[in-house]
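This report refers to the structure that appears directly beneath it.
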Amino acid sequence: MVIPAQSIAIYIRIVAIISLLLGLNDAARLLGVGLGPVSPLATMGMTGFVYLSIFALARLFAAVGLWIKASWGAVLLVGATGVELALYLLGNGGVQMSAFGFAVRLVLLASVLIIFILTYRNERAKAAD
């Protein structure tokens, strides 16, 4: 069964929007939105601030890459999300997230892996024709 390219394109755009929203949420945390007079640097510490800024930028660039359907967008998103989840699961104090944030990142990672699988299956089906 070959999935139409239009269906995959819509799915990729949805994943790009989720990545964009997550990156913008991280950027808002970097700016201290919702913290009041407390500095985000004091709240997260220097290591947490640097980790969050790297992951936020990577996620924003990955969202652009996914939107234009460039292969580097999906690779960047898998890399950044995978490293962030690995650091969190290994107990790194610099990476902080809520249970909802963890779940969203897992869904995002699974979504990109599904994109890889669907694209691979479509390419093999085209080659077989």
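In this structure, is residue 48 modelled with pLDDT under 90, surrounded by 14 or more Cβ atoms within 10 Å (Cβ to Cβ) and part of a helix (DSSP H, G or I)? When the stated conditions are applied, residue 48 passes them. Suppose the filter is of a type outside the set (A, V, I, L, M, F, W, C) and either touching an Asp or Glu at 6+ places or on another chain (Cβ under 9 Å) or part of a helix (DSSP H, G or I) (or both); does residue 73 pass it? Yes, satisfied. If you check 123, 84 for being part of a helix (DSSP H, G or I), among the charged types (D, E, K, R) and under 15 Å from the mean Cα position of the chain (by Cα), only one passes: 84. Could you please find all residues in region 6-42 being part of a helix (DSSP H, G or I), surrounded by 12 or more Cβ atoms within 10 Å (Cβ to Cβ) and modelled with pLDDT under 85? Of everything in region 6-42, those that are part of a helix (DSSP H, G or I), surrounded by 12 or more Cβ atoms within 10 Å (Cβ to Cβ) and modelled with pLDDT under 85 turn out to be 8, 40, 41. Among the conditions (1) crowded, with 16+ Cβ neighbours inside 10 Å; (2) in contact (Cβ under 8 Å) with a residue 40 or more places away in the chain, the only one that residue 58 does not satisfy is (2).
Out of the residues in region 99-129 that are farther than 12 Å from residue 8 by Cβ and charged (D, E, K, R), which is surrounded by the fewest Cβ atoms within 10 Å (Cβ to Cβ)? So the residue we want is 129.
Considering only region 75-93, I want to know if a residue exists there that is surrounded by 15 or more Cβ atoms within 10 Å (Cβ to Cβ), farther than 27 Å from residue 125 by Cα and in contact (Cβ under 8 Å) with a residue 40 or more places away in the chain. Within region 75-93, none of the residues are surrounded by 15 or more Cβ atoms within 10 Å (Cβ to Cβ), farther than 27 Å from residue 125 by Cα and in contact (Cβ under 8 Å) with a residue 40 or more places away in the chain.
Annotation: of all residues in region 21-46 being out of contact with any Gly (no Cβ under 9 Å at 6 or more places or on another chain), in contact (Cβ under 8 Å) with a residue 24 or more places away in the chain and among the small types (Gly, Ala, Ser), the one that is nearest to residue 63 (Cα to Cα) is 23.
The values are calculated or read from the model by the stated rules, or taken from the named source; none is laboratory data. The structure displayed is predicted, hence computed values, not measured ones. All Cβ positions, even for glycine, are placed from backbone atoms using ideal geometry, and neighbour counts span all protein chains on display.
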